[in-house]
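In what follows, a single structure is set out as structure tokens and then discussed.
The values are calculated or read from the model by the stated rules, or taken from the named source; none is laboratory data. Just so you know, these numbers come straight off a predicted model, no measurement behind them. Glycine also receives a Cβ, built like all others from the backbone with ideal geometry; neighbour counts cover every protein chain displayed. Heads up: the accessible areas ignore ligands, DNA and RNA and are worked out on the full protein's heavy atoms, side chains in. Shrake-Rupley method; radii C 1.70, N 1.55, O 1.52, S 1.80 Å.
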Amino acid sequence: MPVESGSSAAARQAKQKRKSHSLSIRRTNSTEQDRSGLQRDLLEGQDSKLPLSLRTNLLDLFSQIEREFENLYLENIELRREIESLNDRLAADGQAVEGADLAKGALKTKASHSTSQLSQKLKTTYKASTSKIVSSFKATTSRAVCQLVKEYVGHRDGIWDLSATRTQPLVLGTASADHTAMLWSIETGKCLLKYLGHQGSVNSIKFHPTEQMALTASGDQTAHIWRYMVQLPAPQPVADTTQTPCEDDVDFSDKDDADGEVEGPNDCPSVRVPTTTLRSHQGVVIAADWLVGGKQVVTASWDRAANLYDVETSELVHSLTGHDQELTHCCTHPNQRLVVTSSRDTTFRLWDFRDPSIHSVNVFQGHTDTVTSAVFTVGDNVVSGSDDRTVKVWDLKNMRSPIATIRTDSAVNRISVSVNQKIIALPHDNRQVRLFDMSGVRLARLPRSNRQGHRRMVCCSAWCEDNTTCNLFTCGFDRQAIGWNINIPALLQEK
């Protein structure tokens, strides 16, 4: 009796399945027609605000979708049957040639085992090496001591900027969205003076290098220069002297104790009239700074220009144009006639006024988002921070590429660099403040919990190394400024 070959049997089986599949589809289509007619009759008897024609079209569309799913379901059943049939045949063939492929199977098993061992070894080595790196990093950073010393509370809105005087008496200045600027006693946290001359948000405050004069920039499109006279109160002992290591395992509670209205200091003397008013911008003045010597100031505005003024005459000396979008910050070199401006156009520009006859400008395109600030160091470096979550350190002698890049997990706001310790303080949108050295090595993160630290975006940081109690200040949109004592061991800075 002739035996049918396996290939012809498989072909006949597939043909029968396709035939039954086509019949099932025809049955489905005929059933679907009956069903659609029945549903139309039911819909005509139902109350609906939709027109009958629209309801009929919707019904047809849903019927087509249902048919497609039914067809896919039937094809899926057929494919599963074919897969099961093929699996059965492969299992039978495997039993028939089991002895012939024994050596090959052994080789495959051995190779697979060797690959598994190698993969496991690589994983173990990688895990051990990274654990050593993380352990050594944690051991290093735990030696940095960051102590919250004083909180300066009194503004009725967020604080954009802050700065400390360079000469005696040492005071802290804050610029707020509540249209005021305040001077504070660093030791006691008491408000010494309030400036009320602006008609808009005060976005920046900087102190004259030698005299008791302050420079503020405002949303009222002006910059003001005003004099102050303050008498420092007697220092008070610090209540909490507990030193807190700058570690990562702190409580990040979202509790906000600053949401309520904060009563400002009522007994604080005020100044309402500026000594000099600088006008010429057509937009918000976002920042201002003194040039070396204090005889000229520079302002940065949302009108895409930076202006250089003479302090004595209040006349416009130069208008620095070239940025394609709004400016975000400006900074002057502490020892040379250099200005750096930052902009939302992802660039920052270096303006050179050392030669009175030549005013050169260099454009630097190292970021991919808004450059929130760029500041000078005492040496020949510029440090820039951006909304692209990076901070870059540049050499003034060769600024084609940064000498160090710091990558973070949040946008960076107005940064500051320590003169003596050469530490960069990074205020973030995510309420954190991190400290890095000039090589890009992370040194510490300031502690933050529901009991201390900022509860909103941190806008600015400023160093004051002439004060022994607080050498770093930060401010944010939680309406408070905070004074910190940062102790970074010399060995840690060298690393």
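Picking from residues in segment 465-487 that are buried (at least 22 other Cβ atoms within 10 Å of the Cβ) and either without any contact (Cβ under 8 Å) to a residue 12 or more places away in the chain or among the small types (Gly, Ala, Ser) (or both), the one that is nearest to residue 454 (Cα to Cα) is 476. Within segment 295-328, the residues that satisfy the criterion of being farther than 19 Å from residue 385 by Cβ, open to solvent by less than 60 Å² (accessible area, probe 1.4 Å) and in a loop (DSSP other than H, G, I, E, B) are 303, 311, 314, 322.
Can you tell me which residue within segment 346-377, out of those that are under 23 Å from residue 411 (Cα atoms) and hydrophobic (A, V, I, L, M, F, W, C), is nearest to the chain's Cα centre (by Cα)? The residue in question is 371.
Pairs are defined by a Cβ separation below 8 Å, a sequence spacing of at least 6 or placement on different chains, a first member in segment 325-345 that is touching a residue at least 12 places away in the same chain (Cβ under 8 Å) and farther than 17 Å from residue 414 by Cβ, and a second member that is open to solvent by 60 Å² or more (accessible area, probe 1.4 Å) and in a strand (DSSP E or B); the pairs so defined are 336/354; 337/354; 338/354.
Listed by position, the strands (runs of 3 or more DSSP E) contained in segment 129-183 that have at least 2 residues being under 22 Å from residue 225 (Cα atoms), among the hydroxyl-bearing types (Ser, Thr, Tyr) and modelled with pLDDT of 95 or more are 171-176.
Hey, does segment 435-446 have a residue that's open to solvent by less than 10 Å² (accessible area, probe 1.4 Å) and of a type in the set (Val, Ile, Thr)? So far as segment 435-446 goes, no, none of its residues is open to solvent by less than 10 Å² (accessible area, probe 1.4 Å) and of a type in the set (Val, Ile, Thr).
Would you check if residue 395 is without any contact (Cβ under 8 Å) to a residue 24 or more places away in the chain and out of contact with any Lys or Arg (no Cβ under 9 Å at 6 or more places or on another chain)? Yes: the conditions hold for residue 395. Within segment 281-294, if we keep just the residues that are more than 29 Å from the chain's Cα centre (by Cα) and surrounded by fewer than 15 Cβ atoms within 10 Å (Cβ to Cβ), the residue that is nearest to residue 206 (Cα to Cα) turns out to be 293. The set of residues in segment 329-360 that are of a type outside the set (S, T, N, Q), at pLDDT 90 or above and open to solvent by 10 Å² or more (accessible area, probe 1.4 Å) comprises 329, 331, 334, 337, 344, 345, 349, 350, 351, 352.
Among the residues making up segment 445-465, those that are touching a Phe, Trp or Tyr at 6+ places or on another chain (Cβ under 9 Å) and of a type outside the set (Lys, Arg) are 446, 449, 450, 454, 457, 458, 459, 460, 461, 462, 463, 464.
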